[in-house]
Amino acid sequence: MRRIVLAFISLILFAAPTRAQETGYGTIRFENETAFEIDLLVNNVTACRASPWSYCTTEVRVGGHYVSGRTVEATPRDSNADLIEVYDSTVSTWSLKGGGTPAPPPPQATGYGTIRFENQTVFDIDFHVDSAFACRSAPGSYCNAQARTGTRYVSGKTVEPTPRESSAEAITVPDGATVTYALSGGGPARTGYGTVEFRNATRFQIDFHLDGAYACRAAIGSTCSVQATVGPHQAFGRTVEEQPRSANGVTLEVADGQTSYYEMSGGGLPGDGGGTPAAGTGGSTGAPAVSGSPAPPTPQPQPQPQPQPQPTPAPEALRYGSIVFDNQTALPIDFYIDNVYACRTAPGGNCEFPAIAGRRNVAGVTRETAPRRIDGTADVPEGRSTTFGVVGQGADALPQR
């Protein structure tokens with residue numbers, strides 16, 4: 001089994017305590033119990049500044065010092081000076097109270113305003129200002145972003161496997177004010193996947209393949225299905241016989257959330273010699289099938305010599321094994337075998353998918369706005385399973401139980 005792990009090592013340094021020594025300095029703690037910002041003056045020199053209802057500290061030599069406060073205003077006001085004594089390595093506290101209500105500062109242009117992005121769709125939306133990411137809003141919600149004043153170009157992009165983007169719109173951002181930009185509509189959420197349904201209209205079991213990789217097996221007169229990414233795919237089927245026969249492949253176009261199908265028919269009866277493969281047809285739900293090569297006529301029975309006993313062939317299923325995909329991260333992951341979609345796992349979950357025996361290329365793709373890909377290989381044993389796992393670290397790690 002292969003796992004991909006990111007490890008982090010922390011180094012902690014310990015310092016031994018030292019014996020206290022006299023420094024010749026102490027600390028003045030200024031407590032500002034007024035509604036103003038105030039500068040603390042020590043011996044008529046500015047030492048530190050304290051916000052309203054806050055404090056600041058400064059280090060001074062031991063001995064007596066004159067302290068006073070000065071308001072931070074266009075027209076500052078000074079308090080009376082007090083003499084305080086500062087001792088070695090100790091804190092002396094001095095405070096100011098009262099002072100009335102501070103005069104409001106005159107309004108000033110900031111050069112910035114705010115854009116309120118309203119999301120009236122069923123998607124998460126990433127909003128952009130002048131083509132740069134601004135903020136993300138959940139369905140039926142909003143988010144705010146600061147922007148420079150003047151004309152700005154805004155747009156939104158859906159958070160989907162196949163994102164959709166609105167056209168850019170010019171809006172004017174006023175100084176110190178808020179302007180609103182809303183997106184609505186968008187239709188149902190896209191998934192980026194469709195389904196391929198394989199139909200077996202022959203007298204054989206059929207192993208179906210998609211893009212050269214094993215997909216599923218259909219019993220006589222039945223169907224089986226697999227999920228596939230949106231776009232074109234090559235499909236074909238192969239009979240489960242001692243001498244397998246393959247049908248001509250066709251190209252299927254898989255649409256988002258829709259079902260395409262591929263059908264095999266004809267091919268004669270079991271034991272007819274296996275001279276010609278069955279025919280394959282493919283199409284999509286709601287549209288006529290596209291014919292492949294026509295099935296040959298079923299040969300008429302001919303006198304045959306008595307067959308000699310033959311050894312029983314090994315079960316066809318032993319040509320395949322399976323891969324268990326183990327997702328030990330905090331993200332959903334789509335797994336692929338030989339670049340063909342296999343299955344999806346939830347955080348901390350797993351899934352199993354059939355695979356042709358031998359060495360297979362496998363990959364995991366995280367379900368994120370900016371997906372990350374993990375590649376590897378898996379040796380698939382005949383008739384058994386192997387495991388390919390992904391382990392997260394940091395923000396991607398599973399929470400501790």
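The values are calculated or read from the model by the stated rules, or taken from the named source; none is laboratory data. Since the model is a prediction, treat every value here as computed from it, not as a measurement. Here the Cβ is made from the backbone with ideal geometry for all residues, glycine too, and neighbour counts use every protein chain on show.
Descriptive notes on the structure:
- Which listed residue, of PHE236, PHE204, is within 17 Å of ILE356 (Cα to Cα), touching a Gly at 6+ places or on another chain (Cβ under 7 Å) and in contact (Cβ under 8 Å) with a residue 24 or more places away in the chain: PHE236
- Meets criteria (surrounded by 14 or more Cβ atoms within 10 Å (Cβ to Cβ) and modelled with pLDDT of 70 or more) for ALA363: yes
- Scan of segment 366-392 for residues that are at pLDDT 90 or above and among the polar types (S, T, N, Q), ordered by number: THR366, THR377, SER385, THR386, THR387
Quick grid of which residues meet (1) surrounded by 13 or more Cβ atoms within 10 Å (Cβ to Cβ); (2) in the same structural domain as TYR87 (by TED's automatic domain parsing); (3) at pLDDT below 95; (4) touching a Leu at 6+ places or on another chain (Cβ under 9 Å):
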{"site": "ALA20", "(1), (2), (3), (4)": "no, no, yes, no"}
{"site": "ARG29", "(1), (2), (3), (4)": "yes, yes, no, no"}
{"site": "ASN32", "(1), (2), (3), (4)": "yes, yes, yes, yes"}
{"site": "GLU37", "(1), (2), (3), (4)": "yes, yes, yes, no"}
{"site": "ASN44", "(1), (2), (3), (4)": "no, yes, yes, no"}
{"site": "CYS48", "(1), (2), (3), (4)": "yes, yes, no, yes"}
{"site": "GLY64", "(1), (2), (3), (4)": "no, yes, yes, yes"}
{"site": "VAL67", "(1), (2), (3), (4)": "yes, yes, no, yes"}
{"site": "VAL72", "(1), (2), (3), (4)": "yes, yes, yes, no"}
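- Exactly one residue out of THR151, THR172, THR158, THR162 is at negative phi and in contact (Cβ under 8 Å) with a residue 60 or more places away in the chain: that is THR162.
- Any hit, segment 190-211, residues being outside any strand (DSSP E or B), within 31 Å of the chain's Cα centre (by Cα) and surrounded by fewer than 14 Cβ atoms within 10 Å (Cβ to Cβ): no
- Qualifying residue in segment 117-137 (condition: surrounded by 12 or more Cβ atoms within 10 Å (Cβ to Cβ), among the basic types (Lys, Arg) and in the same structural domain as GLY176 (by TED's automatic domain parsing)): yes
- Where strands (runs of 3 or more DSSP E) fall entirely within segment 316-401, those with at least 3 residues that are out of contact with any Cys (no Cβ under 7 Å at 6 or more places or on another chain) and without any contact (Cβ under 8 Å) to a residue 40 or more places away in the chain are at 358-366, 373-380.
- Every condition in (1) loosely packed, with under 15 Cβ neighbours inside 10 Å; (2) of a type in the set (Gly, Ala, Ser); (3) more than 22 Å from PRO399 (Cα to Cα) is met by ALA346 except one, and the failing one is (3).
- Condition check for ALA189: out of contact with any His (no Cβ under 9 Å at 6 or more places or on another chain) and at pLDDT 90 or above: no
- Hits in segment 21-55 (condition: within 15 Å of VAL67 (Cβ to Cβ), aromatic (Phe, Trp, Tyr) and within 47 Å of the chain's Cα centre (by Cα)): TYR55
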